[in-house]
Amino acid sequence: MSLAYTADGRVTNLKITKVDIAAAEGQFLLPIIGEELYKSLMQGNYPTLLQEYVAPQVAAWTRYIVEPIMVERCGYESSAAYNEVRKVIYRRLRGIARNLSRQLSNYLNAHCDEFPEYNPADNPLNHCSIDGDVVQIF
């Protein structure tokens, strides 16, 4: 989680649970890479893919998932002004995470011969795009 939060901040990896990470993986990583490639990564295969593309993507989506509940977990005081700032931060986090998902998907598609467990036809990012509130299916 050091990819998502700075070490000197009030949010540390102690505030991020394994359930948070599993939720990010299940919702945002597994649909892209599939179960077989995920299992292979968990067995220690493809360390470069894991470090350069998967870990940043999961960290970004984990932060996106936990950001709304960090106020309670970290003991921050909430206010109307702070809530407005949080909305902006939340949109920015979603944009960053979506860009990292796209980078992961593009890398896998460009190097699919290196990852026999990956099936580009199963990757939803190869079939649709969400830009703002517009969903494009192709």
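The values are calculated or read from the model by the stated rules, or taken from the named source; none is laboratory data. Here the structure is a predicted model, which means the values were calculated and not measured. Neighbour counts run over all protein chains shown; Cβ positions are idealised from the backbone, glycine included. Note: accessible area is taken over every heavy atom of the protein model, side chains too, but ligands, DNA and RNA are not part of it. Shrake-Rupley method; radii C 1.70, N 1.55, O 1.52, S 1.80 Å.
Taken over region 43-55, residues that are assigned to a helix (DSSP H, G or I) and either among the β-branched types (Val, Ile, Thr) or closer than 14 Å to ILE33 by Cα (or both) amount to 6.
Checking region 22-34 against the condition returns a match, with at least one residue being more than 13 Å from the chain's Cα centre (by Cα), under 26 Å from ASN126 (Cα atoms) and either open to solvent by less than 50 Å² (accessible area, probe 1.4 Å) or not small (Gly, Ala, Ser) (or both). Scanning region 1-29 for residues that are small (Gly, Ala, Ser), under 14 Å from GLU67 (Cα atoms) and at pLDDT 55 or above turns up ALA23, ALA24. Just one of the listed residues (GLU67, GLU84) is more than 19 Å from the chain's Cα centre (by Cα) and either modelled with pLDDT under 90 or more than 30 Å from GLU114 (Cβ to Cβ) (or both), namely GLU84. Selection of region 78-126 for residues being assigned to a loop (DSSP other than H, G, I, E, B) and open to solvent by 80 Å² or more (accessible area, probe 1.4 Å) yields only PRO116.
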